[in-house]
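As structure tokens, the structure follows; a few thoughts come after it.
The values are calculated or read from the model by the stated rules, or taken from the named source; none is laboratory data. Nothing here was measured: the structure is a model prediction, and the numbers come from that model. Neighbour counts run over all protein chains shown; Cβ positions are idealised from the backbone, glycine included.
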Amino acid sequence: MAHSGGYQDGSESSRGPSSTRIAALFELLADEERQVIVQYLLSQSDESVPVADLVDALVRSFGYERTRAVLRLRHDHLPRLADRRLIDYDDRRSLVWFDERADHDDLHTLFEVADAISSARL
């Protein structure tokens, strides 16, 4: 069964995303593990990704044991990202993909800004 929820606040204008929506994205992506998950999905060109690949990404990035990474994904990150309509996932097939309503441009911009801020601090 695929999961989905309420990411968008519905207040976008033709000039771009609302400050409320950007604030919600910042809050959602404040967690470094979710940043790794979203960046990995962005790198996969809108295709579905096996949960095992996301587990591998968390293990590589944080040195977790696989069991911990699986638990964090299945019980925290995937449901939270799906509730915000950023991703969808299928538990039975163990696949994750971007929700069709997710704005990839917003995400790319957010990560570019974060990288620029990090670089300026160095």
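Annotations
- Residues that are out of contact with any Lys or Arg (no Cβ under 8 Å at 6 or more places or on another chain) and acidic (Asp, Glu) were ranked within region 92-117; the one that is farthest from SER45 (Cα to Cα) is ASP115.
- Single unsatisfied condition, LEU71 versus (1) of a type in the set (A, V, I, L, M, F, W, C); (2) closer than 17 Å to SER48 by Cα; (3) part of a helix (DSSP H, G or I): (2)
- Lone unmet requirement of (1) modelled with pLDDT of 95 or more; (2) touching a strand residue (DSSP E or B) at 6+ places or on another chain (Cβ under 7 Å); (3) surrounded by 13 or more Cβ atoms within 10 Å (Cβ to Cβ) for ASP53: (2)
- Residue list for region 58-86, filter: surrounded by 20 or more Cβ atoms within 10 Å (Cβ to Cβ), without any contact (Cβ under 8 Å) to a residue 60 or more places away in the chain and closer than 14 Å to VAL38 by Cα: LEU58, LEU73, HIS77, LEU81
- Against the conditions (1) out of contact with any strand residue (DSSP E or B) (no Cβ under 7 Å at 6 or more places or on another chain); (2) surrounded by 15 or more Cβ atoms within 10 Å (Cβ to Cβ); (3) touching a residue at least 24 places away in the same chain (Cβ under 8 Å), ASP99 satisfies every one except (1).
- Given (1) farther than 25 Å from ARG21 by Cα; (2) of a type outside the set (A, V, I, L, M); (3) at pLDDT below 75, number of the condition ARG101 does not satisfy: (1)
- Scope region 12-49; condition modelled with pLDDT of 85 or more, in a loop (DSSP other than H, G, I, E, B) and surrounded by 12 or more Cβ atoms within 10 Å (Cβ to Cβ); matching residues: LEU29, ASP31, GLN44, SER48
- Residues of region 102-120 that turn out to be acidic (Asp, Glu), touching a residue at least 60 places away in the same chain (Cβ under 8 Å) and not in a loop (DSSP other than H, G, I, E, B), as a count: 1
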